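Single-structure report; data block below.
Since every read-out is calculated from the coordinates, none of them should be taken as a lab result. Since this is a predicted model, take the numbers as computed values, not measurements.
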């Protein structure tokens, strides 16, 4: 993780190959991952998650569709983490599903991997519980804060049949 730049964005505009070009409504589909170190994060992981949710609530482009969820999880390397899921109408014409995985390493640094899906306002693909949301969650949950790389077994399973 030391070699990664803060706020590193991995973004895909749907290309019809790895990610569909359009969602189930026919609107352009976007997917992305952002890895961030949160140097000012204070309190428990749930406190950090609540701060992240509060920050999203202040974004005038976003209108929540449901109450965000926070789930305690354990990463493959045994690290405790929280998983946040929130769905929004974005800018009045798009739907945005935001997934966040927040973990703190043994060195006390706090990391957040954010995943997002943005599609048409009525997109079922950009909603909690969709196959695409589950696929994205697997990517977030592959994070490890100890040496050994990503947890590839669930990733391989997520790509089976695609």
If the elastic network links every pair of Cα atoms under 10 Å, which of 65, 145, 35 fluctuates the most in the Gaussian network model of the chain? 65
For helix 45-57, report the angle its Cα long axis makes with the longest principal axis of the Cα atoms of the chain; keep it between 0 and 90° and round to the nearest 10°. 30
Volume in Å³ per residue [convex hull over Cα atoms, computed for region 86-162]: 90
For helix 131-141, what angle does its Cα long axis make with the longest principal axis of the chain, in degrees from 0 to 90 and rounded to 10? 20
Using alpha-carbon pairs under 8 Å, 6+ residues apart, how would you state the relative contact order of the chain in percent? 21
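Given only helices, namely DSSP H runs of n ≥ 4 each adding -39500 (n - 2.57), what is the per-residue ellipticity at 222 nm of the chain, to the nearest 500 deg cm²/dmol?
That comes out to -6000 deg cm²/dmol.
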Go through (i) 16.3; (ii) 16.7; (iii) 17.4 and flag the label whose value is the computed Kirkwood radius over Cα pairs in Å for this structure. (i)
Who wins for biggest fluctuation among 17, 70, 102 in a Gaussian network model of the chain, springs between alpha carbons below 10 Å? 17
